[in-house]
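Heads up: the structure comes next, in structure tokens.
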Amino acid sequence: MEFLRNLLLVLHFVGLAAILGGVIAQIRSMRTGGAVVTPGIMHGSWLQLVTGLGLVGVLEAGDLAEVDNIKIGVKLLVMIAVVVLAFINRKKDAVPSGILGAIGGLTLLNIIVAVFWG
């Protein structure tokens, strides 16, 4: 169970890197109005959602840690917002810079919640 938890955690970090890396790579394009939701952002957001749910399941099923359900609920809502924003805008030729800003900001919010909430 612990190996599965660690594997899911690594994949969760890979998803995080894909989202933030994709947003950071678009900063110059955001200024000129040509920013897009890259496949990396889209796949990273799905990876974060799926591995996050998997981590909670493994922690609960394996009795590896006490899970704060309110914290997980907040993180889930934030991640769903990221997935929805990425999914809706994934095929557009250009998206407003606020969309990518929101995706990056919500991703950072999820990091802050993970680190600083109890």
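Miscellaneous remarks
- Output for the range 108-118, where each listed residue is assigned to a loop (DSSP other than H, G, I, E, B) and surrounded by 15 or more Cβ atoms within 10 Å (Cβ to Cβ): none
- Qualifying residue in the range 71-86 (condition: closer than 19 Å to Ser97 by Cβ, under 12 Å from the mean Cα position of the chain (by Cα) and open to solvent by 40 Å² or more (accessible area, probe 1.4 Å)): yes
- The requirement of being under 19 Å from Gly98 (Cα atoms) and among the hydrophobic types (A, V, I, L, M, F, W, C) is satisfied by Val36.
- Residue match in the range 45-67 (condition: open to solvent by less than 50 Å² (accessible area, probe 1.4 Å), farther than 21 Å from Leu4 by Cβ and in contact with a helix residue (DSSP H, G or I) (Cβ under 8 Å, 6 or more places away or on another chain)): yes
- Restricting the first member to the range 74-103 and to residues that are under 19 Å from Arg28 (Cα atoms), and the second to residues that are assigned to a helix (DSSP H, G or I) and of a type in the set (D, E, K, R), the beta-carbon pairs closer than 9 Å and six or more apart or on different chains are Ser97/Arg31.
- Checked against the criterion of being of a type in the set (A, V, I, L, M, F, W, C) and within 17 Å of Asn110 (Cα to Cα), the candidates Leu64, Leu4, Leu55, Leu59 yield just one match: Leu55.
- Of the listed requirements (1) in contact (Cβ under 8 Å) with a residue 40 or more places away in the chain; (2) open to solvent by less than 50 Å² (accessible area, probe 1.4 Å), Gly40 misses just one: (1).
- Candidate set: the range 22-37, residues that are surrounded by fewer than 14 Cβ atoms within 10 Å (Cβ to Cβ) and either touching a residue at least 60 places away in the same chain (Cβ under 8 Å) or closer than 12 Å to Val95 by Cβ (or both); chosen: the one nearest to the chain's Cα centre (by Cα): Ile24
The values are calculated or read from the model by the stated rules, or taken from the named source; none is laboratory data. All values derive from a computational prediction rather than experimental measurement. In this analysis, Cβ positions are derived from the backbone assuming ideal geometry, glycine residues included, and neighbour counts consider all displayed protein chains. Accessible surface areas use protein heavy atoms only, side chains included; no ligands, DNA or RNA. Shrake-Rupley method; radii C 1.70, N 1.55, O 1.52, S 1.80 Å.
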